[in-house]
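Comments concern the structure below.
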Amino acid sequence: MHDVAREAGVSYQTVSRVLNEPDLVRATTRERVQAAIDELGFHRNLNARALKTAKSSLIGLIHTGSSAFGPASIVNAIGRAAQTAHLSTLTTILDAEHPERAATSLRFLAEHMVQGIAVVSAQEWIAEAIAQHIGGLPVLFVTADTSVRVPQRHATVDQARGMELLVEHLRERGRRRIAHIAGPGDWFDARVREAEWRRLVSPEEREMLVRGSWSADDGFAAMQQVLAHFEVDAVVAANDAMALGAVRALQAAGLSVPGDVAVVGFDDVPGAAYFAPGLTTIRQPFEELGAAVVAALAGEAGDSGHAIAPIAPHLVVRASS
C-alpha cells in the first residue's frame, strides 16, 4: 500500500480509504490510486486485514441451492446488496439429504471471520438443522417463520400482508367464494400465506383448499380438483406458476377469467404481465430485503438483538382479477 501511495502521489491513508471507503474519496484521486494499483499489480491480503480488524469483508450465506423463484431471488439480492456495500458473499449450500452438515457449514464460515451469516431458510428442515448449532454466531434467518424454531433474528417480506392484500382486493370486486391453491406444507412462506387466507375467509371457504408443489402442472391439477368439488368465483394461488396452471384449467373447462372466476398469484415473476390474461399478484421487494440483510450483518442495524421489521409487499393488479 505504501508503494501504491508513492506511485499515486497520495498518502497511505488515502489508499486505505480508496480500498475500504471509496465513496469518501474524490473521483479524480480515486482514479489516480486505481491506476497505481493496476500498474503495480497490487492485491490486498484479506487474511491479514481480517486478523488486524477481527472481521473480514465477507458476509456468510447458507442456502439450499434451490432454483425456486423466492429463495433464488433472495440469494441473488443479498449478493447484489453485499457488492453495493463493498462486501462479498462466501456461500455454502446445505442439501436436504445431509442436514447434519449444518455444523460444518457454520464452522467453515466462522473460520473465515465473516461479519455475519444469512441463512435463507424457506423450508423447515434447514431452519431446524442450523438452529441446533448456532452457539454465539451472528446468524440471521431470512425466513417467513418467526416461531421458536428459529431463535435468532429474522428478515422477511411480510407474507401475511401479501395474502391480506389479495383477499381484500377480491372482496372489493365482489368475490365471495375464494378458494386457495396452497404451496407445500413444509415451506414457511406457504404456511404463512395459507394461515392468513384461513383467517380472512369464511368457514365454508376454508374447505376450498387444494395443495400443490409450486409448479404450473400442480396448479392445473389443483384447479381441476377445486372445480370438481366446489363452486368458486375466485382463486388465490400460492405462487404465480400455480396461478398460470389454474387459469389454463379454468379455460379448458370453458370458464372465463376473470368473468367466471378471478385468479391471483404471488411473487410477480418476470412475464406475469404477459400471462393470458395478465396476472394480478403480489410483488416481493427482494432488493430491499437483501439490503436489510446485509445492513444487519454488517452492523449497520444495531446490536445482535435488533429486530428487523417485515418488509411490505405490493399488490399488482392486472386483468386476471
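State whether the residues of segment 135-146 include one that is within 19 Å of the chain's Cα centre (by Cα), among the acidic types (Asp, Glu) and either assigned to a helix (DSSP H, G or I) or within 23 Å of ASN239 (Cβ to Cβ) (or both).
yes
Given the residues ALA85, ALA102, ALA118, which is the only one that is touching a residue at least 60 places away in the same chain (Cβ under 8 Å), under 30 Å from SER213 (Cβ atoms) and touching a strand residue (DSSP E or B) at 6+ places or on another chain (Cβ under 9 Å)? If you could, list the steps in order and put the result at the bottom.
Values: ALA85 fails: under 30 Å from SER213 (Cβ atoms); ALA102 fails: touching a residue at least 60 places away in the same chain (Cβ under 8 Å).
Just one listed residue meets the conditions, ALA118.
Enumerate the strands (runs of 3 or more DSSP E) found wholly within segment 207-266, keeping only those where 3 or more residues are at positive phi and surrounded by fewer than 16 Cβ atoms within 10 Å (Cβ to Cβ).
Values: elements: 209-211, 234-237, 262-264.
Qualifying strands (runs of 3 or more DSSP E): none found.
Kindly indicate whether any position in segment 102-114 is assigned to a helix (DSSP H, G or I), touching a Ser or Thr at 6+ places or on another chain (Cβ under 8 Å), over 26 Å from PRO270 (Cβ atoms) and of a type in the set (S, T, N, Q). Explain how you work it out, then say what you get.
Step one: filter segment 102-114 for residues assigned to a helix (DSSP H, G or I), giving 102-111.
Among the residues that remain, those that are also touching a Ser or Thr at 6+ places or on another chain (Cβ under 8 Å) are: 105, 108-109.
Subset that is over 26 Å from PRO270 (Cβ atoms): 105, 108-109.
From what's left, of a type in the set (S, T, N, Q): 105.
Yes - at least one qualifying residue is present in segment 102-114.
Here's a check for you: in segment 89-99, which residue that is in contact (Cβ under 8 Å) with a residue 12 or more places away in the chain and either part of a strand (DSSP E or B) or not acidic (Asp, Glu) (or both) is surrounded by the most Cβ atoms within 10 Å (Cβ to Cβ)?
Initial filter on segment 89-99 (in contact (Cβ under 8 Å) with a residue 12 or more places away in the chain): 89-96, 99.
Cutting the leftovers down to either part of a strand (DSSP E or B) or not acidic (Asp, Glu) (or both) gives us 89-94, 96, 99.
On the way: THR89: 18, LEU90: 18, THR91: 18, THR92: 17, ILE93: 13, LEU94: 24, ALA96: 12, PRO99: 14.
Ranking the candidates gives LEU94 first.
Does segment 151-163 contain any residue that is closer than 30 Å to GLY259 by Cβ, in contact (Cβ under 8 Å) with a residue 12 or more places away in the chain, surrounded by 15 or more Cβ atoms within 10 Å (Cβ to Cβ) and more than 17 Å from the chain's Cα centre (by Cα)? Talk me through it step by step, then tell me what you get.
Just the residues of segment 151-163 that are closer than 30 Å to GLY259 by Cβ, to begin with: 159-163.
So of that shortlist, the ones also in contact (Cβ under 8 Å) with a residue 12 or more places away in the chain come out as 159-163.
In the following step, the residues that additionally are surrounded by 15 or more Cβ atoms within 10 Å (Cβ to Cβ) were identified as 159-163.
Pick out the ones that are also more than 17 Å from the chain's Cα centre (by Cα) and you get none.
Checked against the condition, which is being closer than 30 Å to GLY259 by Cβ, in contact (Cβ under 8 Å) with a residue 12 or more places away in the chain, surrounded by 15 or more Cβ atoms within 10 Å (Cβ to Cβ) and more than 17 Å from the chain's Cα centre (by Cα), segment 151-163 yields no hits at all.
Anything in segment 86-133 that is in contact with a Leu (Cβ under 7 Å, 6 or more places away or on another chain) and among the hydroxyl-bearing types (Ser, Thr, Tyr)? List them, or say none.
Within segment 86-133, SER88, THR89, THR91, THR92, SER105 meet the criteria.
Filter segment 154-194 down to residues that are under 22 Å from GLY245 (Cα atoms), of a type in the set (Gly, Ala, Ser) and not in a strand (DSSP E or B), then give me how many there are.
Count: 4.
Would you point out which residue out of ALA216, ALA246, ALA238, ALA222 is touching a Leu at 6+ places or on another chain (Cβ under 6 Å) and in contact (Cβ under 8 Å) with a residue 12 or more places away in the chain? Spell out the reasoning first.
Details: ALA246 fails: touching a Leu at 6+ places or on another chain (Cβ under 6 Å); ALA238 fails: touching a Leu at 6+ places or on another chain (Cβ under 6 Å); ALA222 fails: touching a Leu at 6+ places or on another chain (Cβ under 6 Å).
Just one listed residue meets the conditions, ALA216.
Coordinate-derived values only; no laboratory data. Worth saying up front: this structure is predicted, and the values here are computed from it rather than measured. Note that each Cβ is placed from the backbone with ideal geometry, even for glycine, and that neighbours are counted across all protein chains shown.
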